[in-house]
Structures are given as C-alpha cells and as structure tokens.
Amino acid sequence: MSVRAWVKQLGVAVALATLLTLPRLAAAHSPSTGRVTLEVDSRDGRELRGSVQLAIRDLDTALWLDRDQNGDVTWAELQSAEPAVRNYVAQRLQLGESSRCSVTWQALRVATLNDGNYATLPLLLHCALAPTELTVRYRLLFDIDAQHRGLVQWNTQTAIVRSPELIALSAGQSSSVPSFIREGVWHIWIGYDHILFLLCLILPAVYQRRTARWQPADSLGDATREVFEIVTAFTLAHSITLVISAIGLVSMPTRYVETAIALSVVAAAANNLWRAVDARWAVAFVLGLLHGFGFSSVLLATGLPAQHAVGPLLGFNIGVELGQAAIVVATLPLLFLIRRTLVYQVLLRGGSALVAVLALFWAYQRWCL
Amino acid sequence: MGTSRKAITLTVGAVGLAAALTAAALMAPPHRGQAAAAFTPSEPGRVLARVPIRDRAELAAREALATDPAQLEIAVGLAHADIARARAASDPRYLGQAQAALAPWWHQAAPPSDVLLLRATIRQSLHEFPAALADLAQLLAQQPRNVHARLTLAVVATVVGDYALAQQACDGLQGLVGELVLATCRGPLEAMTGHSESAKARIVAALASAREPNAAIAAWANSTLAEIAVMRGDRAEAELVLRAMLRADANDSYALALLADVLLASNRAADAVALLRDHDDVDNLLVRHAIAAHRANAPHALELREQMQTRLAAAAERQDRIHAREEAMYVLAVEGDAARAVTIALENWQVQKELADARLLLACGQAAGDRAAIAVVTEWVTAHGIVDETLTAAIGGVK
C-alpha cells in the first residue's frame, strides 16, 4: 500500500474514532520521560559517571526495534540495535561541552522503572576541567514525542528539559557546609549497616562485668559512660579513615569496603553472642576504621570539590556524629529500662543472631552480585 | 527513689526519641530521584516492552516525515493514527507523538484546518482547554458545518462549564448528524438542568431506531445514559448499562471508571476491586482501584497505595498538572488528608468543571469542614440550576 493510499484509508476509518476520542481521553498511562543521571566519581571532580535512560517503547518509535513486527521488543532485538541506540543518544546528547568533557559509553543494560523497562546506557565522563557548572545539550526524542521531558540530574540537582535546548546545572549547593552536615546525618539514618553496627555495640552496654559475672548496670550514668567510650572510639576511627581517603592518601575499591563493612556488622553481632572481646571500645575502633572508608565514598559521590575539602569534610563528619548521637539518645534509656527483663535478653541474643545472619547475607550480596 | 528514677529515665527516653525523630525529619535532604538498578537480561527472548505493530505503510510514512517533516497529508494521517492508538490504549504517550507529527504547524497562529482540529483534540487532552476552544472557534469560523469541530466544542465547553456555548455547539449539529448523535450531545446538558427523563428518552429512542449504529457512537450514547442514570440517583440502572457496555468491550476505560464510581458510591468496594483488577496501567483506574482496595481492606491495598504515590511522584517530577482530579480523590479517600485534598480539588476546579469535579470538591470541602469550598459548589449549583442526586443529597446533609 502506498503512503498516500494508507493515509486515505486511515482518514475514513479514523474519522469516527477521533470524533469519539473526544469525550473520553482523560485517562493516562505515563508520558514519555528520559533520564540523565550524573555524579562525580573522582576526587579532583574531573571524572563523572552516570547513565542515560530511555523508554524502550520510545526507542521503538524512533529506531524501530521490533523488527519482526510481533508487537514485542525482546532483549535480543534491543541488543542488536545497540549501536543504533548509542549513536542516536551520542548525536543528540552533549554533556559538559564547556568543561571539555568526553564520554565513554558502556554496555547497554535494562532498568525497570515504574512505567516499564528502560534501555540504560551507563557512561563515564572525563573532563579536562572539573565542572563547576555542567552544560547539557539535550535533544532526545522531542521530534517523535512533543510531550517528552528530559530529567537531568547532577548530584542533588534536577533540571527538566521541555524542548531541545542547552541547560546548565551548577555544582552550587553541594559545596556548602550545612548541606554536608545534612548529608552526614542522612547517610547514618538510611545507612542501616552503620545503625546496626552501632546498635550491636550499644546493646550490651547496660550490663557490666563485675568480677567474673555480667550484671545489670546500676545506673544510667554507668551505661552512658560505656557508650560514650564506644562512640568516641568509633568516631575517632572512622574520622581517621574518612580524612585520609577523602584527601586521596588511600583509596579502596568500593566492593571491598562495602563487603568489609557488612562483615564488621557480623563481627559486632557475633561478639554479643560469644563475648570474645570485652573491650567493645576496641572493637568499635578497629572496625570503625572500615566504616570511614565507606563514608568517604558517599562524600565523593556528592561531588566534593577538591580545592575546598575541609569544610565539607568537617560538615559531613559532624553530620555523622549528630546522626549517631540521635540513635544513642533514642535507644540507650529504653535499653536501660528493660535491662532486667526477658525482652532484653531476647533482644540481645535473638537480635544479635538475626543481625549476624542478615549482615552475612549483605556481605555475600556485596561481594558476589 | 526507684520510681522517680524510672520516671526520669522514661522522660529522657521519650524526649530523646522525639528529638531524634525530629532531627531526622529536619535533616533529611530532599528525596533524590530513584535510580533503579540496571541489569543485563539473561535470556535473549525476554520481552522488554509491548509496542504497537507498525505496518509497512506506517513505517514508510514515518520515514518520509523524518526526511521532510512538512508534508501535511502524511503528518495528519500519522497524527490521526496516534490519536486512535491513544484512545484504544488509554495511553497519552501517543498524543505526544501526534503532536510531534504536527510540529511544523503546531505554533502557527492559523494552521491548516486539519491541523486545527487535531491540535484542539490534543490540547483538550492536555487540559489546555482555553487554547483548544480558540482553535475550535477559528476552525468553525472557516467551516461552520464541521461536525467534528462542533462535537469537540460541545465537549470542551461542557468541561469548562460554559453550558451556553456547549448548547449552541450541539444545536449547530442539527441537520448535519443523525438523531442519535444529536440526542447524545444534548443529553448531559438537559439532564444536568433537571430534564433527565426527556434526555434519557430521546437517547433510548434514537438508539432503538438507529440501524446498526457505529460501535463507537453506541458506546458514547450508552455511557451518556449511564451518566444520566447516576445524576438521577439510579445506580442500579447505571450499573446495568455499564455492564452491558463492558460485555461489548471489556477494556473500555471510560465505562470501567464510571462503573467503579457507581460501585464505590454504593459502598461496594469489594465489587470495585474485582472490576479493576487488571487495569492498573491506566491512571484514573488505578486511583479507583487503590480507593476500593483501601475501603475493602484488601491485602494488596498497601501495594496499590505505593503504586499511586509513585505515579504521582513521577508526574510531579515532570511538573505535570493534569492529574489534579485523581490526586484529590486519592488524597481524600486513601490518605485521609481532607485539608490537602480540598486544596487540590479547588485547583482542579479552576481547570475543569464537570459534575464529577463538583461532587469531588463538595466531598473534599465537607470532609475538611471548608465552608468556602462548599460554597463554591453550592453557588455553582444555584447559578446553573444543576440537578444531581449526589450533590443534592450531600448539600442537603449540610443544611
């Protein structure tokens, strides 16, 4: 059928459909959205990593992925179109022109977002200058979908691109000290591994060894002193490693660090079950060294400006301490209250066992997956 | 001594907990966009997306437009096809594609008439009602006998609450269309102002005498009958009509939404859950499903609630504001935050003024005890002489 004949045929068939579209079009699946996500990946701020995500449905319209025309786009079909997809994205998306950045594309992957599967192109960005302002020229998909929106995210900032245009995201807010304090608190609060580590150390603090036996602590003051020692040791230890890795003296691969942190949780929990080491402040110190490396990778990912590292470093560390203090203040009095009850014993032994198993699973996950 | 120490410890604990939670709430940075974990599928045959099957002619048309976008006939054909797809799947994505096909003419003040009609249709669905009305006025000035333009005008004018304009648009159809279309166009306007018996009778008679009415027109007429039945408070009849429609087309999302509302209004949440089980990809069905599951205490209620929140967050991320109606329904019925619901319902009322919007605003206003919001609805009812069982019952309850 010729294009012209097709259009004519459609004209007749669709006229009525269009007409009756009218009263009935309020409903909505999701409109077309593309995502560009970038974060700083090196201390000098010149290496960034991220990804471009486009709905497979949109790519089908633009590049015709469903070559066998059965209405399904398979992984094989998407993969065979990988060069075309990459070419399409590379031609229509320029990142960091003003900082003279160049892109290295990595192998195509898939991500499942709330409105379906997206083709994900991971990328590395190498810049001649560390961008303080990142320019993005985004011209993806607008020619096939006028309601397309590009969401470009760099660190904590997101820009919405509504038409083919050049936008610039500034590094601005991430260099202020208060924002780093917030990052630190937030990291502790959502960092279930740090919380569980701390809790494992705090749990037994309401008991004290007298001569050869463990006895409930007499006063909240005693328990507080014990916790104070633990937290101080932990803070000292992770501050040391946080600083030396954040300023670039030592750098550890994330996979090793994250696995080791999970194992440190296992160790802390196991120590509650077997009481191998009485001096928990020592446990806190030694294992705390590991956690510092973990904090530093978070700090780097927020786009730490190398030239002004002191403020953010201090801010982030203060935030971590505040977050910790909040956990201690919230839990210690309660533990003290229930220290003579069965609930406490169950919490100490059962909880520690549970945490150990869970953390062991994390270690496996972080190492193998 | 022991007691007072216990009391002190408890107090310290409580204060500490409160302080910690407050600190956490204050300190939490704004949520970052969720970067879902990417993976590499292990099977080559794994289906990643369902897409429309495109025939050779459509592919050729797209290719032709890619080389030279300014080919009116082809662009209009593609836009038509996309709009038909948007309707069939209740998926707005194809509307954006239709708009893209019309890009060379989209920003023109006086584009060709074919483009004007399509542009009005797309603008209407983006809730840009004033712009849609302007396009239709321009088109009708050129082609007073354009049936599509008149029908669209009637619909859009009704949505924005300009009933005189809607009536005029329907009247202008006389002599251009059959009795069924005419009766269905006028039906809601007549019924809203208290003439539901005669409106219903006209549509029923026209349906009976139409020889093999077009399926789409029949569906439109029947859904109008159901709406009229709801206005009269006859939910049983509305259900009967809608169930019959769904036997003809089980995926008719308009009929599904109407029936869900009927069931929810009759306190039959479990029936609504059963009805909406497989339609969560459509936003206005998902919201009803979430409400029904919440009311019925269904095991998947929480999951639906999360889905709804994700959907709203995604729209907010794009700064889309066309979901106000659904959002207000959800916030009122599921989150139980009447104060926020009334704000959203008022915002929605600025844009659309269908009966459903009035019922929603009234429900939100009453739940929040917001006299000003209630007054907005009662004044509207008085000004236009609206007769609607749901509104009457609710307003009666206030007095």
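Some observations on this one:
- In segment B:34-65, residue farthest from the other protein chains (Cβ to nearest Cβ) [restricted to those that are among the polar types (S, T, N, Q) and touching a strand residue (DSSP E or B) at 6+ places or on another chain (Cβ under 9 Å)]: B:GLN34
- Strands (runs of 3 or more DSSP E) contained entirely in segment A:48-130, each with at least 2 residues that are within 30 Å of B:GLU306 (Cα to Cα) and hydrophobic (A, V, I, L, M, F, W, C): A:109-113, A:116-127
- Pairs with Cβ under 8 Å, 6+ apart, first in segment B:130-147 and on the phi < 0 side of the Ramachandran plot, second hydrophobic (A, V, I, L, M, F, W, C) and not in a helix (DSSP H, G or I): B:GLN138/B:ALA110; B:ARG145/B:LEU176; B:VAL147/B:LEU173; B:VAL147/B:LEU176; B:VAL147/B:VAL177
- Candidates A:LEU125, A:LEU121, filtered to the one that is within 14 Å of another protein chain (Cβ to nearest Cβ) and not acidic (Asp, Glu): A:LEU121
- Taking residues in segment A:269-284 that are free of Cβ contacts under 8 Å to residues at least 12 places away in the same chain, and partners anywhere that are surrounded by 21 or more Cβ atoms within 10 Å (Cβ to Cβ), the pairs with Cβ atoms closer than 6 Å and at least 6 places apart or on different chains are A:VAL277/A:VAL283.
- Where helices (runs of 4 or more DSSP H) sit wholly within segment B:49-148, those with at least 3 residues that are within 22 Å of the chain's Cα centre (by Cα) occupy B:72-89, B:93-101, B:113-125, B:129-142.
- Qualifying position, being in a helix (DSSP H, G or I) and either touching an Asp or Glu at 6+ places or on another chain (Cβ under 6 Å) or closer than 21 Å to A:GLY294 by Cβ (or both), among A:ALA353, A:ALA330, A:ALA325: A:ALA325
- Hits in segment A:248-264 - residues which are more than 20 Å from the chain's Cα centre (by Cα) and buried (at least 21 other Cβ atoms within 10 Å of the Cβ): A:SER264
- Matching residues in segment B:70-96 - criterion: being closer than 24 Å to B:ASP280 by Cβ and β-branched (Val, Ile, Thr): B:ILE83
- Checking A:ALA270, A:ALA205 one by one, the residue that is under 19 Å from A:ILE327 (Cα atoms) and either surrounded by fewer than 21 Cβ atoms within 10 Å (Cβ to Cβ) or of a type in the set (A, V, I, L, M, F, W, C) (or both) is A:ALA205 and no other.
- Of the candidates A:THR120, A:THR156, A:THR132, the single residue that is surrounded by 23 or more Cβ atoms within 10 Å (Cβ to Cβ) and of a type in the set (Ser, Thr, Tyr) is A:THR120.
- Every residue from segment B:151-174 that is of a type in the set (S, T, N, Q) and more than 11 Å from B:LEU189 (Cβ to Cβ): B:THR152, B:GLN174
- B:ASN267 falls short of the stated requirement of being part of a loop (DSSP other than H, G, I, E, B) and within 14 Å of chain A (Cβ to nearest Cβ).
- Residue count for segment B:271-325 satisfying the condition of being at positive phi and within 14 Å of chain A (Cβ to nearest Cβ): 1.
- A:ILE160 falls short on exactly one of the conditions (1) more than 10 Å from every other protein chain (Cβ to nearest Cβ); (2) assigned to a strand (DSSP E or B); (3) within 25 Å of A:ALA62 (Cα to Cα), and that condition is (1).
- Residue that is nearest to the chain's Cα centre (by Cα), among those in segment B:219-258 that are surrounded by fewer than 18 Cβ atoms within 10 Å (Cβ to Cβ) and not in a loop (DSSP other than H, G, I, E, B): B:LEU246
- A:ARG280 being more than 30 Å from the chain's Cα centre (by Cα), modelled with pLDDT of 85 or more, farther than 27 Å from A:GLY50 by Cβ and of a type in the set (D, E, K, R): no
- Checked against (1) within 12 Å of chain B (Cβ to nearest Cβ); (2) surrounded by fewer than 21 Cβ atoms within 10 Å (Cβ to Cβ); (3) not charged (D, E, K, R), A:TRP362 passes all but condition (1).
- Of all positions in segment B:244-257, none carries a residue that is touching a Lys or Arg at 6+ places or on another chain (Cβ under 6 Å) and closer than 21 Å to B:THR392 by Cα.
- Looking at B:ASP135, B:ASP114, just one residue is surrounded by 15 or more Cβ atoms within 10 Å (Cβ to Cβ) and more than 11 Å from every other protein chain (Cβ to nearest Cβ), and that residue is B:ASP135.
- Per-region count, segment B:142-196, residues of a type in the set (Gly, Ala, Ser) and crowded, with 19+ Cβ neighbours inside 10 Å: 10
- Selection count, segment B:328-342, where residues are surrounded by 18 or more Cβ atoms within 10 Å (Cβ to Cβ) and either without any contact (Cβ under 8 Å) to a residue 24 or more places away in the chain or touching a strand residue (DSSP E or B) at 6+ places or on another chain (Cβ under 9 Å) (or both): 1
- Given (1) more than 16 Å from A:ILE144 (Cα to Cα); (2) in contact with a Gly (Cβ under 7 Å, 6 or more places away or on another chain), index of the condition B:ARG56 fails: (2)
- Output for segment A:62-98, where each listed residue is away from every other protein chain (no Cβ under 14 Å) and closer than 21 Å to B:GLY96 by Cβ: A:VAL89, A:LEU93
- Among residues of segment A:234-271, those that are more than 23 Å from A:TYR364 (Cα to Cα), among the polar types (S, T, N, Q) and at pLDDT below 85, counted: 1
The values are calculated or read from the model by the stated rules, or taken from the named source; none is laboratory data. Every value quoted in this text rests on a predicted model; they were computed, and no experiment measured them. Cβ: placed from backbone, ideal geometry, glycine included. Neighbour counts: every protein chain shown.
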